[in-house]
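Undergrad: This structure is in structure tokens; I'll ask about it shortly.
Taken together, the values in this text are just the output of simple stated rules run on the coordinates, not laboratory data. These numbers come from a predicted model, not from an experiment. Quick reminder, even Gly has a Cβ in these numbers, built from the backbone with ideal geometry, and neighbours come from all protein chains shown.
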Amino acid sequence: MCSAKGRRPGLLSARRPLSRVLKNVLALLLVAGFALNLAACREDASEKAQKPAVQETVKEAAKEAPEQAPGQEHEKAVPGAAKATGQEKVRIYALSDPLPAASPEELARAQAMVDYANMAGRVLSSLCGGYPFLLMTGVAEYRQNYATLSFGIEPPSAQCAWKELKPPKDLLGSEAAEQDLEKALQQMDCQRESMRKDYEKLRDYVADTSIVDDGVLGRRLCSSIEKAYRAYAAALESYQSRVDEEAAKAQDTMLRDHPLRDHVRLAMRMVSLIRRQADRIAVAEPDPASLEEPIRVLAEDLDLAEHLPFPMPGEPEMYYRQFLKGVRAMLAIFRRGQLESFHEGVRQSLNEEWNACKGRYNAFVNALAGR
């Protein structure tokens, strides 16, 4: 049984160029890399083209929008279109007001959280985080063909998550919160090790031709591995959700006085949501009803992100819009999978579009950091 054992660089004001600190904030992509590399085919997702005239109108209307809380909506008539129909309008949303810059002490705490979150992303994208996904592909192979896979690699150490990701003292400012992270890490290690041992037994069982039991032991071992995987996935989600939440708070601290704070916040929130859904879809067929809430939240965030005024036009805005197109493609695939089921074709489309979406996000990040 498993049981738990001086001035900030780069962001001096809202008008200063972005530098290493902001790049570190924006690099938070906590993606279990092994999960989505199991498929490799392309299926183009449709994208709706926006009319240039309407885009220009949104930019012009944004300049006139009175200040209000983020997410509140204004409606502006579209010149030209209003003459033709008398009814057509576009939505624009006001940006939140800039806040006073964080103190050096606040920035230091935020930077520590960002550094930890980036490290967590690297570890969870390595064999330590990806090994359970590999084992599940071996289970799927046995259930389909009564054979097992040899991965040709040494398994990660039994306590790799705990050893590499144990949070530093006072990272979260709460001993209880840090203990929750530690328990999740220990549970991940325990369940991954349970899966590994049962999979080795399954491999021995398949290799031993003297056992004749009509596959009874094999099915029992597969069920045990799948049960451990569900526990591992729950612990992973608990850990990642908390790290994402704390990283978002750190990001807000570091970007209090930056004009693109709302855009970055929404981009990270959408990436986090897509990552969580993609991770669970990569291995198991989700209940269509369980996708209702994630799809609703993603659609609302995307709508807001598409209608925010962009106060730094040029290359950053171009990459931002391209990233939003990638998010819309992912939303379309989630809806398609909800209707059709996530059969092989949908999963392959999901894999490629998610990789493309991450590339667009990183291009947006690099454009910001280069200004």
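Undergrad: List H307, H343, H258 from most exposed to least, where exposure is judged by having the fewest other Cβ atoms within 10 Å. Show your work: numbers first, answer last.
TA: On the way: H307 16, H343 10, H258 23.
In order of increasing Cβ crowding within 10 Å: H343, H307, H258.
Undergrad: Calculate the translational D of the stretch 120-163 in whole µm² s⁻¹ from Stokes-Einstein, where the hydrodynamic radius comes from the Kirkwood formula applied to all Cα pairs, the temperature is 25 °C and the viscosity 0.890 mPa s.
TA: Values: Rh = 11.5 Å.
Translational D for this selection: 214 µm²/s.
Undergrad: Counting other beta carbons within 10 Å of each residue's own, what order do K169, K249 fall into, fewest first? Don't skip to the end; give the middle numbers.
TA: On the way: K169 8, K249 14.
The fewest-first ordering by Cβ neighbours comes to K169, K249.
Undergrad: Suppose the chain between S96 and K201 were pulled fully straight at 0.36 nm per residue; how much longer would it get relative to their current alpha carbon spacing?
TA: Numbers: separation 105, 0.36 × 105 = 37.80 nm, distance 5.69 nm.
Contour length minus Cα-Cα distance gives 32.1 nm.
Undergrad: Oh, and also: Measure off 7 Å from each Cα along the Cα-to-Cβ vector at E237 and A147, then give the distance between these two points in nanometres to one decimal.
TA: 3.4
Undergrad: So, R0 is 35 Å and r is the distance between the beta-carbons of D287 and V216; what FRET efficiency does that work out to, to 0.05?
TA: In this case the efficiency is close to 0.75.
Undergrad: Between A332 and H307, what is the label-point separation in nm under the 7 Å Cα-to-beta-carbon projection?
TA: Modelled inter-label distance: 2.1 nm.
Undergrad: Note the full-extension length gain between D170 and H343 as 0.36 nm times their separation in residues minus their Cα-Cα distance, in nm to one decimal. Present the calculation step by step, with values, prior to reporting the outcome.
TA: On the way: separation 173, 0.36 × 173 = 62.28 nm, distance 4.48 nm.
Working it through step by step, the gained length comes to 57.8 nm.
Undergrad: While we're here: According to a simple spin-label model (label point 7 Å from Cα along Cα-to-Cβ), what is the distance in nm between R269 and I295?
TA: 2.1
Undergrad: Please work out the Cα center distance from the stretch 213-287 to the stretch 293-318, rounded to the nearest Å.
TA: Each part reduced to its Cα centre gives a spacing of 22 Å.
Undergrad: Continuing with the same structure: With an 8 Å Cα cut-off and a minimum separation of 6 or more residues, compute the relative contact order for the stretch 102-257 in percent.
TA: Numbers: 145 pairs, mean separation 53.3, N = 156.
Once divided by the residue count of the stretch 102-257, the mean separation gives 34 percent.
Undergrad: Take W162, W354 and order them by how many other Cβ atoms sit within 10 Å, fewest up front. Don't jump to the answer; show the numbers that get you there.
TA: Working: W162 18, W354 25.
Lowest count first: W162, W354.
Undergrad: Turning to a different aspect of this structure: What FRET efficiency comes out for E154 versus D115 if R0 is 35 angstrom and r is the Cβ-Cβ distance? Round to the nearest 0.05.
TA: With R0 = 35 Å, the Cβ-Cβ based efficiency is 0.80.
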